[in-house]
Structure formats: structure tokens, C-alpha cells
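Reviewing the structure listed below.
Quick note: the coordinates plus some simple rules give every number you see, no bench work behind them. A quick note: this is a predicted structure, and the numbers were derived from the prediction, not measured. Every residue, glycine as well, gets a Cβ built from its backbone with ideal geometry; the counts of neighbours run over all protein chains shown.
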Amino acid sequence: MFYFEKINNKSVMKSDLLSGVEHFFTTRESIIKTKEDNFLKLAETNKKMFCEILNVKKENFINPSQTHSTNIEIAKAGKKDYPECDGLILDNPLQAVFLNFADCTPVILYDEKLNIGAVSHAGWRGTAGKIAVLTVQKMIKDYRSDVKNIKAVIGPAISLCCYNVGEDVLDKLTSTIKNSSGTFEKRNDEFFVDLKEINKRQLNEIGIKDVDVCPYCTVCDNDMFFSYRKEHATTNRHSAILRLK
């Protein structure tokens, strides 16, 4: 279950499914990623605050250059740059990782037995490419993770109520799961799709049973989260943050 918590009087959102690892999703008031002048000072202040709270140096607070790819890397101590990377695996407590979102689907993964985790960025392209599944498969290949020990949290994203796509995109998305019933609707000749549910089913199909799905929609709940669609291509982002204990 998702819940809000205050960090230095700034709201963040967490899931009780991942009680064994430090993780949260930022909100409008705890923003750390923007290119807009009126948010820059707040974002820098918040970023400094989170580094202190997480006990990581600024250079160890890692954000890859997201490009809607299915490229996945492992965060390495001393390495700051991760170009064209939309999935980042964390295996050390010296760093924290964050990826940024404004309608796309955030997926945090955590292997509680091996104490390794990851954050994936699943827009429609990433979802069609099954980036969350690919991230899990890399955890299995590189660390011998067992899906029985991996839990997943799917954060705030544009939801079925608001996400209309073309039929070609719908086909690419629904072809990634065995049963697409309930993942889309047709309204007045438009198709609406549920990216969060598709990511959940992708993870379920590879054996991950513990998946917590955030009920918040970035369009409907735009007072708390950012929406690229609703806010006309805003550069403001909310973030999914992970640090190992």
C-alpha cells in the first residue's frame, strides 16, 4: 500500500511493500529535477536535502540520461555518467539512484535477500520493450537473483482514465502480455491503455508475485505530481529514488 510521508516537511510517497530498503517518489513540493527557472532553486535545495537524508555525497546521487530506451546498466562507485540508460541497478550502499518521470511509469525493484535493487523508466516505448522484465533478467544473470525474492513497486503515472494512444501503440503494448483483458478501453473511437497494469502483468508472468501499484494518476492528481501531457511538455519531473541500507 502506498502512503505519504514528510521528509523535512516535504511530501514524498512510499510503499509499505519495500519496508526493507530506502525508497520514495518525490512530489511537486519535493522536486529535484527541472529546467524551469521558477523551480530551479527549490529543486537544488531539495536535492541537497535528500543527499543529507540519504547520507550520500552529491556526486554519488546518480541519475542516468533517460532516452526511452531499454538499456540497463549497473551503478558503479565513482561513475556518474550513464548515457542512454533507462534502467539502473544498484548493488552498493555508497550511491543512491534516481530516475525522473512526468506521466511515464516508474518501477522500483528490490531483491530483499541479496540487497540489490533497481529503478526502471517505462514509458510506452519502455513498456513495449519490457524494460522492467529486462531489468529483472539482468539481476538474475549478473547476481543470480531469484524472482521469489524480488518485490516491485509501480509508482505514479498516467492511468487508464487519461492515457489515449493510437491502435498501433496499443498493439505493441498488449502483445507483451498473455492476457490483455482489462488493460485498455475503447471510448468514442479512441483507445485508452493502462501502462501500470501492463507492467504489473509483465512482472507477474516472469514470476514476481509481490507488486504494489500506485493508484495515483499524474493527470488527475496533477496537484501532487507532474504531467507532461497536461502541463504542455513541462520539464518538471517527479523522481523515483532508491538507496540500499
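Worth pointing out:
- Residue match in the range 70-91 (condition: of a type in the set (S, T, N, Q), touching an Asp or Glu at 6+ places or on another chain (Cβ under 9 Å) and either assigned to a loop (DSSP other than H, G, I, E, B) or without any contact (Cβ under 8 Å) to a residue 60 or more places away in the chain (or both)): yes
- Candidates in the range 15-46 are the residues that are surrounded by fewer than 20 Cβ atoms within 10 Å (Cβ to Cβ), under 21 Å from the mean Cα position of the chain (by Cα) and basic (Lys, Arg); of these, the one that is nearest to Gly117 (Cα to Cα) is Arg28.
- Residue list for the range 185-210, filter: outside any loop (DSSP other than H, G, I, E, B) and crowded, with 22+ Cβ neighbours inside 10 Å: Val193, Leu195, Lys196, Ile198, Asn199, Lys200, Gln202, Leu203
- For the range 189-211, the criterion of a residue being within 16 Å of His121 (Cα to Cα), free of Cβ contacts under 8 Å to residues at least 40 places away in the same chain and acidic (Asp, Glu) is satisfied by at least one position.
- Some residue of the range 213-228 being in contact (Cβ under 8 Å) with a residue 24 or more places away in the chain and either over 30 Å from Lys35 (Cβ atoms) or among the basic types (Lys, Arg) (or both): no
- Pro64 vs. criteria in a loop (DSSP other than H, G, I, E, B), over 23 Å from Tyr216 (Cβ atoms) and within 13 Å of the chain's Cα centre (by Cα): yes
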